[in-house]
Amino acid sequence: MLTALNKEGELFTLSGDMRNRVPQLRKHERFFCPVCKEPLILKAGHVRIPHFSHRHHSQCIETASEPESPRHLQGKLDLFEWCRSNQLAVSLEHYLSDIRQRPDLLVEKAGRQFAVEFQCTPISVQSVERRSLQYLSSGIIPIWIVGGQPFHKRRANDMFEMTEYLWSQTMRNNGQTMLAGYEPESGRGFLLTNITPYTSRKVFARLHQWPISKIKYPFPSFPARTNFPYKNWPDEKMNWIQQKVRYGNLMRDSFLRAVYMEGSNPFLLSPLIGLPVKYMESFISHPAEWQFFIWSDCLKKLGTGKNISLKYVNYKLRERISNGDIICRTLPLHDENQWEKSVRDYFRLLEELFYFQRAGKDLYRMIQVIPWPSHVEEAKLWDIDIHDTLINNSG
Ligand SMILES: [Zn+2]
């Protein structure tokens, strides 16, 4: 840690000039943990960044996160200095006793508080969620900044691989999903913007990076993409289906089981099942999965001229979510029940393709029977046809 109490009980941070005074401080000062009040050791070496540490066998909750990596210490200090140079009120490792959290940085701007966590080692998605919700419950906005560039760039342009750990730290900003990062070794900050999934791990995104000194608060903003880069969506969907059939377990996979029980097979799905929609990152499940369940639970028996409400569709989908047939993604920094927005966007597309008509605020009327191909070639042609229409419509 970089912040401790001195013997007068004042907070003391090892940043800037203080770091040159370490030999004197070690001789003349005593430091205590702001959380447990135990005496701390001031550690310093030729290479290591000066920092405070608990004694062995300490029971303090802070020791759970120690020892800190040099990357984490350096990154915290850099981000702290960055905030100060941008005239933000910032404290390092401020202990919030009511929620027992100690964010790396606590920033105040225009009466709002932000907890910045600079996360260098992967932690569980559940911890990201728990800590984020604790901050939110105290009216503090959490901001996660990942250490380094832990996502992998694939050979194709603008394609990256993400883990659920990284997904859980994404924010929803300016009509898009983004992830912030900082790499202390190079002093570069980066933003991955417009993150849109192809599959649960493979995403389309834009990577922007700058030296941190060139970044001015607030973060630069980028326009949200209005049209999908989905020219190769039919191919990507086909890849996903092939993988699913090859490696999926028919006994355990509720999607495959349900498709076969309908007397169909995954290569002969309706072209309206598996459409790319806005907010589809809300699900870990592929759009083909949740849209298939919408068809089998809600649309299969609906005749033309009949109405269906989104409320009912959401209700049926929520059942599938609670029994594990559909998996939602943990996105603590996004809206609650964001997946309902992707259902709404799905019906907007079905309307655009003239299968449904708006019949009220929350109501859709089926005007055309949902088509099912009778052989694989037909399925492929319809798929391409529908996606061409969507691409043309989105301009
Ligand atoms: Zn302590």
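The values are calculated or read from the model by the stated rules, or taken from the named source; none is laboratory data. These numbers come from a predicted model, not from an experiment. Every residue, glycine as well, gets a Cβ built from its backbone with ideal geometry; the counts of neighbours run over all protein chains shown.
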If you go through the range 63-80 one residue at a time, do you hit one that is under 27 Å from GLY139 (Cβ atoms), modelled with pLDDT under 90 and not in a loop (DSSP other than H, G, I, E, B)?
yes
Got at least one residue in the range 366-381 being among the polar types (S, T, N, Q), closer than 23 Å to ILE241 by Cβ and assigned to a loop (DSSP other than H, G, I, E, B)?
yes
Mind listing whichever residues of the range 24-52 are within 16 Å of the ligand (Cβ to nearest atom) and acidic (Asp, Glu)?
GLU38
Residue in the range 16-23 that is under 39 Å from the mean Cα position of the chain (by Cα) and modelled with pLDDT of 90 or more present:
no
For the subset of the range 292-307 comprising residues that are free of Cβ contacts under 8 Å to residues at least 40 places away in the same chain and assigned to a loop (DSSP other than H, G, I, E, B), which member is nearest to GLN242 (Cα to Cα)?
LYS300
Answer from SER85, SER97, SER58, SER91 - the residue that is small (Gly, Ala, Ser) and not assigned by TED's automatic domain parsing to the domain that holds ILE141:
SER58
Go through (1) among the polar types (S, T, N, Q); (2) within 29 Å of TRP210 (Cβ to Cβ); (3) more than 19 Å from the chain's Cα centre (by Cα) and name the single condition SER97 misses.
(2)
Answer yes if at least one residue in the range 164-174 is small (Gly, Ala, Ser) and out of contact with any helix residue (DSSP H, G or I) (no Cβ under 9 Å at 6 or more places or on another chain), and no otherwise.
no
Kindly indicate which of GLU289, GLU281 is outside any loop (DSSP other than H, G, I, E, B) and in contact with a Pro (Cβ under 6 Å, 6 or more places away or on another chain).
GLU281
Residue pairs qualifying under the 7 Å Cβ cut-off, at least six apart or on distinct chains, with the first in the range 21-36 being under 10 Å from PRO50 (Cβ atoms) and the second being away from the ligand (no atom under 16 Å from the Cβ), are VAL22/ALA44; VAL22/PRO50
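I'd like to know if the range 161-169 contains one or more residues that are in a loop (DSSP other than H, G, I, E, B), within 16 Å of the ligand (Cβ to nearest atom) and crowded, with 20+ Cβ neighbours inside 10 Å.
Filtering the range 161-169 for residues in a loop (DSSP other than H, G, I, E, B) gives 162-163, 168-169.
Subsequent filtering for residues that are within 16 Å of the ligand (Cβ to nearest atom) retains none.
Scanning the range 161-169 turns up no residue that is in a loop (DSSP other than H, G, I, E, B), within 16 Å of the ligand (Cβ to nearest atom) and crowded, with 20+ Cβ neighbours inside 10 Å.
For the structure I just gave you, tell me whether GLU81 is touching a residue at least 24 places away in the same chain (Cβ under 8 Å) and within 11 Å of the ligand (Cβ to nearest atom).
It is false that GLU81 is touching a residue at least 24 places away in the same chain (Cβ under 8 Å) and within 11 Å of the ligand (Cβ to nearest atom).
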Matching residues, the range 261-278, being in contact (Cβ under 8 Å) with a residue 40 or more places away in the chain, under 26 Å from GLU378 (Cα atoms) and part of a loop (DSSP other than H, G, I, E, B):
SER264, LEU269, SER270, PRO271, LEU272, LEU275, PRO276, VAL277
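Only one of ARG55, ARG71, ARG102 is within 16 Å of the ligand (Cβ to nearest atom) and within 25 Å of the chain's Cα centre (by Cα); which?
When all the criteria are applied, what remains is ARG102.
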Select, from SER254, SER296, SER309, SER285, the only residue that is in the same structural domain as ILE386 (by TED's automatic domain parsing), buried (at least 19 other Cβ atoms within 10 Å of the Cβ) and of a type in the set (Ser, Thr, Tyr).
SER285
